[in-house]
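Worksheet: the structure to be examined is printed underneath.
Each reported figure results from applying straightforward, stated rules to the coordinates on display, with no laboratory input. As the structure is a prediction and not an experimental result, all values here were calculated from the model. All Cβ positions, even for glycine, are placed from backbone atoms using ideal geometry, and neighbour counts span all protein chains on display.
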Amino acid sequence: MLELPSGTIYAADEVFRNQIEHRSPEADSRQPRQNLPKVLVVDDERRIADTLAEILEMSGFEVGTAYDGREALEAVARFHPDYLLSDVLMPRMNGVELAIAVQKMFPSARILLFSGQAGISEILLEGQRQGFEFELIAKPVHPLKLIERLKGE
């Protein structure tokens with residue numbers, strides 16, 4: 001992505017480029033933002049987490065990132081997210097274990113899990129056995145569909 005001094009953003013995805021042409025002055029501000037939905041993005045693939053975080057910030061969300069489940073738990077305690085957007089397969093703590101812990105800490109937090117891996121059904125079933133069900137989004141996550149999903153609730 002290339003940002004020109006005028007604030008115009010060019011993205012490789014034609015649809016995405018047409019949807020986001022200018023960053024709001026608020027997105028460029030270094031001041032903390034008030035009353036915006038908070039999203040914690042968690043993925044052990046840093047590029048994915050950082051890219052999703054940047055896209056969500058440009059769309060008006062306040063965003064935090066973490067790169068594994070345990071790091072995310074520490075971030076949740078500080079950040080108090082409205083949404084948790086987490087990969088399922090991660091080292092140290094998988095996304096379902098993280099989602100269960102977050103749901104217990106913040107019952108009103110909305111949780112969306114994502115994965116591009118086959119074979120996660122056993123992890124999801126373990127969460128169901130404990131009484132938890134979470135929405136699953138397939139990777140690759142399309143930015144506009146994710147934004148629509150987060151703003152639609």
Checklist outcome for this item: How many residues of the range 72-113 are assigned to a helix (DSSP H, G or I), of a type in the set (D, E, K, R) and touching a strand residue (DSSP E or B) at 6+ places or on another chain (Cβ under 9 Å)? The answer is 2
Checklist outcome for this item: With the first residue restricted to the range 64-77 and required to be more than 20 Å from residue 54 (Cβ to Cβ), and the second required to be of a type in the set (Ser, Thr, Tyr), Cβ contacts under 9 Å at 6 or more apart or on different chains are 69/86
